[in-house]
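First up is the structure itself, then whatever we jot down about it.
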There are 2 protein chains.
Amino acid sequence: MSAARNTRSPLPEGGEAQSDLLDWEAGMIDVFVRAASLIGVPKSIGQIYGLLFCSEEPLPMDEIMDKLLISKGSASQGLKTLRGIGAVKPVYLIGDRRDHYTCEDKLRRLVGGFISDQVNPHLTSGSDRLDVIEAAIKRDNPENAKHALGRLKLLRSWHSKTKLFLPAVQKFL
Amino acid sequence: MSAARNTRSPLPEGGEAQSDLLDWEAGMIDVFVRAASLIGVPKSIGQIYGLLFCSEEPLPMDEIMDKLLISKGSASQGLKTLRGIGAVKPVYLIGDRRDHYTCEDKLRRLVGGFISDQVNPHLTSGSDRLDVIEAAIKRDNPENAKHALGRLKLLRSWHSKTKLFLPAVQKFL
DNA sequence: CACGTTGTTCAAAAAAGCTTGAACAAAATG
DNA sequence: CATTTTGTTCAAGCTTTTTTGAACAACGTG
């Protein structure tokens with residue numbers, strides 16, 4: 001095998017912070033950042049998840065800050081969100097006061113956590129909104145009430161299809 | 001049936017533009033705006049789709065502008081995007097030079113259009129990125145190369161599951 | 001072919017969302 | 001209990017995205 005002093009991503013460094021990511025790590029993190037933005041999740045969260053995905057060991061917050069060059073606020077907030085959807089899990093190491101984190105790497109759980117945290121609440125409140133709309137139609141009784149009720153019915157069918165669909169996603173993945 | 005002068009949403013009006021949405025329409029549009037933002041689509045696009053969803057007749061751009069109180073630029077740009085994913089269809093009415101639009105109201109087609117326009121391109125380019133990562137691992141041959149390759153393999157499996165999954169979505173909905 | 005209508009484009013303004021950093025809380029240490 | 005370490009919160013700043021509006025292209029029409 002050919003010699004190789006691991007090529008690293010840009011970012012020359014001066015005093016404290018140091019990126020120190022290998023190319024393959026930077027590449028993977030990039031994949032996660034893109035995937036995150038596709039589903040409307042902030043960059044820093046994709047970065048953190050990606051870094052943990054690459055890491056063989058659980059990482060504490062300050063290492064995450066150093067490697068990704070993000071602020072304490074971002075790191076703390078990002079980990080909070082990731083914990084919330086169950087995408088990272090805290091690991092307690094003896095002899096180290098700091099919380100360490102690993103990523104959840106079962107696709108099914110990742111998706112499940114995201115759905116129940118980010119999607120289901122909207123689905124639930126959506127149901128109430130449809131009831132309000134129905135009330136408005138019946139109250140105002142516009143001349144095209146028949147059409148309006150038809151649309152409402154269609155929307156309700158989309159709603160219930162989606163509710164059936166999401167659990168099915170779990171099984172599939 | 002009880003008397004009722006249709007209650008309308010806020011927005012007193014002065015000279016030209018007029019919102020003139022009924023409560024039930026405003027409610028439905030709101031549902032679409034929320035759904036749109038859930039999947040990272042701008043508000044104005046959700047509004048336009050919602051308005052067309054409520055309307056019994058195809059609508060021309062200037063009516064859309066007037067009812068939603070949005071600018072010509074937004075309306076034009078929003079319709080362009082919606083046409084792009086096949087969420088609205090142009091309808092040509094004789095005796096009227098203006099293009100009119102109706103919404104696509106088959107859920108399957110809506111979702112299909114969105115996926116092939118917004119998701120598939122990312123999936124495709126993602127595949128190339130994984131190859132680049134693999135090359136980086138083999139080139140640098142870091143001491144944890146075994147672990148790195150394991151992660152890459154996992155990510156590849158997620159990738160192919162997703163590729164299988166998306167067409168399945170179509171059938172289900 | 002001059003004119004009015006319809007629709008697109010794009011630079012600048014506005015809005016929305018993310019990140020930062022400093023102040024604060026909590027908890028372990030000596 | 002004073003001090004240090006670890007982590008959270010949140011207002012202010014910054015970036016990115018969206019919206020606006022005016023200039024311009026396209027196209028019928030008379």
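Read-outs throughout are calculated quantities, based only on the coordinates presented, and are distinct from any laboratory measurement. Keep in mind it's a predicted model, so treat the numbers as computed, not measured. Cβ sites come from the backbone with ideal geometry, for glycine too, and all protein chains shown count toward neighbours.
The table for this structure:
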item	result
Residue order, fewest to most beta carbons within 10 Å, for B:Arg34, A:Arg97	A:Arg97, B:Arg34
MRE, 222 nm, helices only [DSSP H, n ≥ 4, -39500 (n - 2.57), over chain A, to nearest 500]	-20000 deg cm²/dmol
Diffusion coefficient, µm² s⁻¹, Stokes-Einstein with Kirkwood Rh over alpha-carbon pairs of segment A:81-173 at 20 °C and 1.002 mPa s	131 µm²/s
Among A:Ala87, A:Ala26, A:Ala35: highest mean-square fluctuation, GNM of chain A, C-alpha pairs under 10 Å	A:Ala35
Range of Cα positions in the protein assembly as shown per principal axis (Å), largest first	81, 43, 42
Listed residues B:Leu123, B:Ile85, B:Ala148: farthest to the positive end of the dipole of segment B:56-173 (Cβ charges)	B:Ala148
A:Leu93, B:Leu155, B:Leu79, A:Leu166 arranged by Cβ crowding within 10 Å, fewest neighbours leading	A:Leu93, A:Leu166, B:Leu155, B:Leu79
Check: segment B:23-103 dipole with +1 on Lys, Arg Cβ and -1 on Asp, Glu Cβ, in debye	440 debye
Cβ-vector label at 7 Å, B:Asp20, separations to other copies in nm	6.6
Estimated FRET transfer efficiency when R0 is 35 angstrom, pair B:Gln77-A:Ile94 (beta carbons, to 0.05)	0.05
Peptide-level mean, for A:29-42, of C-beta atoms on other protein chains within 10 Å	3
Angle in degrees between helix A:72-84 and the longest Cα principal axis of chain A, rounded to the nearest 10	50 degrees
Cα long-axis angle, helix A:120-140 against chain A (0 to 90 degrees, to the nearest 10)	20 degrees
Kirkwood Rh, angstrom, segment A:23-103 [1 / mean 1/r, Cα pairs]	12.5 Å
Average partner coverage of B:128-138, which counts Cβ from other chains inside 10 Å	4
Neighbour-count ranking [beta-carbon atoms within 10 angstrom, fewest first] of B:Cys103, A:Cys54	B:Cys103, A:Cys54
Folded to 0 to 90 degrees: helix B:145-172 orientation relative to chain B principal axis, Cα	30 degrees
Axis proximity, chain A to B: residue whose C-beta lies nearest, plus whole-Å distance	A:Gly40, 2
All-pairs alpha carbon distance profile, chain A, 10 Å steps from 0, percent	9, 28, 24, 17, 12, 7, 3, 1
